[in-house]
């Protein structure tokens with residue numbers, strides 16, 4: 001009996017190890033479970049800050065041919081929205097959903113904005129650059145249905161956190177650089193003049209600068225394998241284009257960018273902020289001293305129980321209102 005149990009455990013171990021070596025799915029599913037649990041906990045903690053008076057439109061399908069292409073819209077019922085924020089969720093490109101953003105979007109909408117949260121296809125079922133293309137399609141849908149969805153078509157702000165910040169930054173570059181758009185093979189669905197700003201929280205922007213063995217807290221290899229669709233992703237023909245930091249131009253939209261002082265991706269945000277500044281792009285950054293305690297983790301902005309989280313929300317709203 002004991003021998004049979006040990007044999008079964010050994011066999012399961014061999015199968016699991018083999019699957020890990022030949023497919024990104026086992027690790028991706030474990031990470032998805034862990035990432036989703038963390039995101040849902042953060043969302044639940046925001047419930048007490050959600051104000052009354054927010055109108056919500058749920059599960060609008062922005063591409064009739066794509067079951068993953070759904071979005072939610074939030075806006076203050078008693079006031080006209082001054083701008084529309086389109087937020088792309090994080091989750092390492094392999095987890096997350098628009099529902100996890102619902103409470104934060106409602107809070108942000110109470111500041112006088114229409115806020116849209118989008119879903120996109122997750123890795124490893126979908127590969128790069130599918131989410132970038134989906135975000136572009138979502139923007140086209142929002143413009144086509146602007147009156148019905150309470151969208152301000154001439155004051156659009158792209159926003160994202162973590163992997164969503166990377167997707168957002170890529171599309172902002174596509175909308176402002178014809179050469180990059182051509183390289184990506186994506187025709188922008190929104191005119192450059194309609195894109196008034198970008199909000200980037202805690203994202204990776206130069207994937208070529210991430211240590212494959214230690215990056216993303218040691219998860220870089222598994223995550224990028226899942227997203228790119230190939231284990232040898234560094235030779236993927238489109239991998240270089242994913243390092244959006246190398247392709248931004250002086251026409252990149254005004255940008256608010258932030259990350260916590262305890263975030264492993266902090267340097268990515270700092271380098272992008274500096275690069276945009278050198279190009280002459282309007283940049284409003286929120287970074288914290290190394291000595292700031294307690295250390296602010298990845299996605300610190302969603303914790304409104306902290307002064308840092310409250311400050312990030314205030315600065316975000318102020319940045320949007322300052323854009324013409």
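Bear in mind that the values in this text are calculations on the coordinates, not laboratory data. In this text, all values refer to a predicted model and were calculated from it rather than measured experimentally. When we count neighbours, we look across all protein chains shown, and the Cβ atoms used for this are built from the backbone with ideal geometry, even at glycine.
Laid out as a table, the results:
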| item | result |
| --- | --- |
| Relative frequency of Cα-Cα separations exceeding 19 Å in the range 191-302, percent | 51 percent |
| Angle in degrees between helix 307-322 and the longest Cα principal axis of the chain, rounded to the nearest 10 | 50 degrees |
| Antiparallel bridge percentage (DSSP; both residues within the range 26-322; nearest 5) | 30 percent |
| Where a label projected 7 Å from the Cα of residue 43 along Cα→Cβ would reach, residues of the range 113-146 with amide N under 17 Å | 115-123 |
| Rg to Rh, two decimals, where the range 47-165 supplies the alpha carbon set and Rh follows Kirkwood | 0.95 |
| Length added when fully stretched, residue 291-residue 154, from 0.36 nm per residue minus Cα-Cα | 45.2 nm |
| Pair-distance profile P(r), taking every C-alpha pair of the range 153-233, with 5 angstrom steps and integer % | 3, 14, 19, 21, 19, 11, 8, 4, 0 |
| C-alpha center-to-center spacing [the range 270-324, the range 153-174] in angstrom | 16 Å |
| 0 to 90° range, to nearest 10: angle between helix 25-45 axis and the chain longest Cα axis | 40 degrees |
| Debye log10 I(q)/I(0) at q = 0.06, 0.12 Å⁻¹ for the chain, Cα point scatterers | -0.20, -0.79 |
| Efficiency of FRET from Cβ geometry, residue 64 and residue 310, R₀ 41 Å, rounded to 0.05 | 0.55 |
